[in-house]
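The values are calculated or read from the model by the stated rules, or taken from the named source; none is laboratory data. Note that the coordinates shown come from a computational prediction; the quantities given were computed from them, not determined experimentally. Note that each Cβ is placed from the backbone with ideal geometry, even for glycine, and that neighbours are counted across all protein chains shown. Side chains included, ligands, DNA and RNA excluded: accessible areas come from the protein's heavy atoms. Shrake-Rupley method; radii C 1.70, N 1.55, O 1.52, S 1.80 Å.
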Amino acid sequence: QITEALLKERDKQAKWNGIPLLLQKLYEHSHPNSDFSQCQSILKEISPLLSMEAMAYVTEDRKAAQESTFPNTYTFDLFGGVDLLVEILMRPTLITQKKKQKISDDLIKDCLSILYNTCICTEGVTRRLAERNDFVLFLFTLMTNKKTFLQTATIIEDILGVKKEMIQLDDIPNLASLVSSFDQQQLANFCRILAVTISELDTGSDDKHTLLAKNAQQKKNLGPSRAEINQATLLNIPGFIERLCKLATRKVSETTGTSSFLQELEEWYTWLDNALVLDALMRVANEEAEQSSTESSDESGLANTSTRTQLPQSMKIMHEIMYKLEVLYVLCVLLMGRQRNQVHKMIAEFRLIPGLNNLFDKLIWRKHSASVLVLHGHNQNCDCSPDITLKIQFLRLLQSFSDHHENKYLLLNSQELNELSAISHKANIPEVDAVVNTDRSLVCDGKRGLLTRLLQVMKKEPAESSFRFWQARAVESFLRGTTSYADQMFLLKRGLLEHILYCIVDSECKSRDVLQSYFDLLGELMKFNIDAFKRFNKYINTDEKFQIFLNQINSSLVDSNMLVRCITLSLDRFENQSDAKVAEVLSECRLLSYMSQMSMRMSFLFRLINIIHVQTLTQHLLENVSCLNTSLVILMLARRKEKLPFYLRTLQQMEYSEKYPGFILNNFHSLLRFWQQHYLNKDKDSTCLENSSCISFTYWKETVSILLSPDRTSPCAIVSYIDEAYMDIDRDFSEE
């Protein structure tokens with residue numbers, strides 16, 4: 001509506017670079033009956049003005065770009081450019097005539113490119129586009145076209161990243177046929193987008209989101225979340241999981257020929273964000289080429305050929321790593337979802353595990369490349385290279401694959417399965433059903449299974465490596481569930497116990513995360529296993545070493561409480577056995593002797609209860625619930641020996657000596673009421689408690705009820721040990 005003359009007059013002064021005039025021209029040439037022929041040339045004029053700015057934004061000059069007074073992208077958006085491009089793109093969907101308007105691929109590309117650049121530079125544009133549900137769903141329909149696929153995928157990813165409400169995959173028109181039209185490369189890129197639609201949104205870790213609040217929230221909405229509905233939608237797409245497994249396990253040599261690969265890279269190069277990734281790829285390739293050329297410097301002619309042959313191969317590997325990252329992430333989320341068993345069955349059938357085993361040395365745990373590439377995507381603040389991220393994603397997949405599931409034995413090969421059977425026979429104990437029932441045609445092949453390969457790299461990992469945490473978690477999940485003597489011996493034979501103790505004691509590991517994962521793994525490895533305690537004593541063979549070990553445990557009970565629980569449970573079982581070997585280890589083992597002292601158990605109990613308070617049981621501190629369960633284990637074992645009143649009286653005396661009567665016991669009373677709320681709603685948690693402690697859930701519930709009894713004359717009720725003056729247990733602790 002502004003006159004051309006006025007726009008021209010203001011243009012120079014306002015530094016608009018002619019953008020409003022170009023937009024006016026674009027508007028005139030894009031009316032409903034136009035053929036769009038002129039639009040493209042107008043966009044070609046606008047495009048460079050915006051892409052230079054965007055380039056500056058994503059490279060070092062971000063600060064300088066922000067300081068410029070009227071950036072072009074801002075002007076473009078101010079004069080309605082964004083809305084106009086959306087209208088042009090969506091025009092064909094609005095026309096009902098038989099002869100539909102066709103927009104050329106190049107025009108679509110230019111529109112998307114300009115929109116993307118504007119999203120990068122001008123705040124609020126991506127959010128505005130995200131609010132237009134019709135446009136978001138329309139973008140998915142553009143993905144059927146190979147030529148515009150990459151641009152569309154990148155813009156969808158950015159829009160979904162800021163969208164307040166998760167989209168429902170069901171709403172995408174013809175989703176199944178869209179997915180089946182993708183080639184494998186497109187499917188991998190599509191996984192990047194899917195990641196946002198199937199992951200539960202993190203509600204943040206502030207105090208409002210304590211476990212109490214979460215429990216209350218879960219009671220309100222019992223239906224599946226949007227992410228869960230989207231997971232189910234994906235599983236219903238024919239052949240989807242099979243294709244993901246093929247993508248995850250294909251070798252680099254099986255990827256498409258170099259020519260189409262380079263053509264796609266060229267396409268990337270015009271596409272801003274990925275151009276930076278490409279530059280980094282080039283750098284890796286050049287470094288490799290330089291290395292090989294210096295090795296053969298006597299014949300200068302070789303340098304050229306090596307660059308020519310090495311470039312695509314190096315980039316192909318990087319490309320493949322980036323694809324596998326996205327695919328493994330999606331598989332991992334599905335493995336942890338509601339349809340877990342269905343996904344497990346499919347993943348086993350499509351031989352994902354043997355496939356990953358074959359890629360282990362050459363791709364997944366290959367030697368680090370010299371350069372570190374920064375990946376756009378899941379977390380732009382982290383500086384992980386794709387190599388590192390792939391390893392972590394792979395370890396997370398192993399963890400969710402073997403956690404409490406009998407398919408975990410697919411991580412072994414046939415020989416190793418036979419070894420498990422032999423261990424059971426030798427110890428004269430029945431074989432685990434899951435080992436007997438494992439389908440041998442689906443297990444790992446080759447000299448070693450995936451679990452054994454993982455142990456090998458774990459032992460070689462440098463002390464300060466961030467992988468240690470994930471490696472320990474993956475191995476621990478193999479041991480979780482009902483304790484299996486054969487599984488423990490299989491790992492003990494391979495020196496795992498000594499490796500863990502070396503890390504905890506000799507290298508005096510300082511990282512809290514790594515320590516916690518090593519303590520948890522040690523607990524699972526030693527639980528109820530007399531041979532493990534014997535090995536422990538052989539390794540920790542001086543008082544000095546034992547003291548360092550205790551210092552590590554005591555430095556953070558939140559991190560070591562699972563190990564304390566395991567030692568307490570094992571000691572209780574060993575004391576009730578009349579076996580000469582057990583009696584010998586009981587008398588010799590420093591760790592068991594230490595734990596058998598009543599004063600030590602009381603000290604642990606007192607500190608465990610003191611660590612946690614109901615109001616701070618936040619979602620991110622689920623280990624606090626673990627501390628609560630460990631203190632309950634100590635008291636349940638006391639109850640079995642009819643010593644519960646003695647323990648409660650000792651806690652009361654400890655309170656008095658700390659000059660704070662009632663403090664510990666009031667808090668414990670509240671924690672146990674929370675425990676009832678938390679566990680009496682869920683079935684999964686209770687089976688985990690039973691399996692890991694070998695104490696029936698009924699006994700857990702009974703013990704908590706006895707402790708919470710309001711009868712002040714009961715010797716086993718907490719209230720009997722709190723003087724009336726210090727009673728503080730009727731206060732309502734639940735949150736709205």
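With r defined as the distance between the Cβ atoms of N133 and D83 and R0 fixed at 25 Å, what FRET efficiency is calculated, to the nearest 0.05? Present the calculation step by step, with values, prior to reporting the outcome.
On the way: r = 16 Å, r/R0 = 0.62.
Here the calculated transfer efficiency is 0.95.
Working from the alpha-carbon coordinates of segment 461-550, get Rg over Rh, Rh being the Kirkwood radius.
Numbers: Rg = 12.6 Å, Rh = 13.3 Å.
Dividing the radius of gyration by the Kirkwood radius yields 0.94.
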Under the Karplus relation 6.51 cos²θ - 1.76 cosθ + 1.60, θ = phi - 60°, what is the ordered set of whole-Hz ³J(HN,Hα) values for segment 514-527, x standing for Gly and Pro?
-> 5, 4, 4, 5, 6, 5, 4, 5, 4, x, 5, 6, 9, 3
S41-S181 FRET efficiency (beta carbon distance; Förster radius 30 Å; 0.05 resolution) = 0.45
Surface share of carbon and sulfur [accessible, 1.4 angstrom probe, percent] for segment 654-730 | 52
Find how much the distance from H31 to Q168 grows on full extension, using 0.36 nm per residue of separation minus their present alpha carbon separation; answer in nm with one decimal.
-> 46.1 nm
Give the long-range amide H neighbours of H404: residues separated by 5 or more places, or on another chain, with amide H under 5 Å away, using H modelled in the peptide plane at 1.01 Å from N.
-> R480
Counting only heavy atoms of the protein chains, get the accessible area per residue of segment 478-616 (1.4 Å probe) and round it to a whole Å² value.
-> 37
For H31, the accessible surface traced by a 1.4 Å probe with all protein chains present amounts, in square angstrom to the nearest 10, to 90
PRE reach from A583 (point 7 Å along Cα→Cβ): which of segment 496-540 fall under 17 Å by backbone N?
-> none
Calculate, for segment 1-41, the solvent-accessible area per residue in square angstrom, rolling a 1.4 angstrom probe over the heavy atoms of the protein chains.
-> 70
Report H425's accessible area, 1.4 Å probe, all protein chains in place, as a number in Å² to the nearest 10.
-> 120
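Take each of the peptides 41-48, 325-332, average the number of other beta-carbon atoms within 10 Å over its residues, and list them starting from the highest.
Working: 41-48: 15.4, 325-332: 23.8.
Output ranking for 41-48, 325-332: 325-332, 41-48.
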Both in Å, the radius of gyration and Dmax of the C-alpha trace of segment 3-50 are 11.7, 36
Using a basic spin-label model with each label point 7 Å from the Cα along Cα→Cβ, how many nm lie between K641 and L622?
-> 3.2
How many nm separate the modelled label positions at T687 and E200, each set 7 Å beyond the Cα in the direction of the Cβ?
-> 1.8
Spin-label model distance (nm) - N437 vs Y660, 7 Å beyond Cα toward Cβ | 5.0
Residues in segment 119-154 that a label on K102 would reach, taking backbone N under 19 Å of a point 7 Å out along Cα→Cβ | 141-149
³J(HN,Hα), Karplus 6.51/-1.76/1.60, whole Hz, each residue of segment 184-194, x for Gly, Pro = 4, 5, 5, 4, 5, 5, 5, 4, 4, 6, 4
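Under the 0.36 nm per residue contour assumption, what length would be gained going from the current alpha-carbon distance of E349 and K460 to full extension? Each step should come with its number before you reach the end.
Working: separation 111, 0.36 × 111 = 39.96 nm, distance 3.23 nm.
Full extension of this stretch gives 36.7 nm more.
Please tell me which of these pairs span more than 20 angstrom C-alpha to C-alpha: K44/K147; K408/K510; K316/K345; K324/K362; K109/K164; K246/K345? Display every interim value, and only then the final one.
Working: K44/K147 18 Å; K408/K510 31 Å; K316/K345 31 Å; K324/K362 14 Å; K109/K164 27 Å; K246/K345 15 Å.
Violating the 20 Å limit, Cα to Cα: K408/K510; K316/K345; K109/K164.
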For segment 398-540, the Rg and Dmax computed from alpha carbons only, in angstrom | 14.8, 43
If r is the Cβ-Cβ distance from D543 to S696 and R0 is 45 Å, what FRET efficiency results, to the nearest 0.05?
-> 0.70
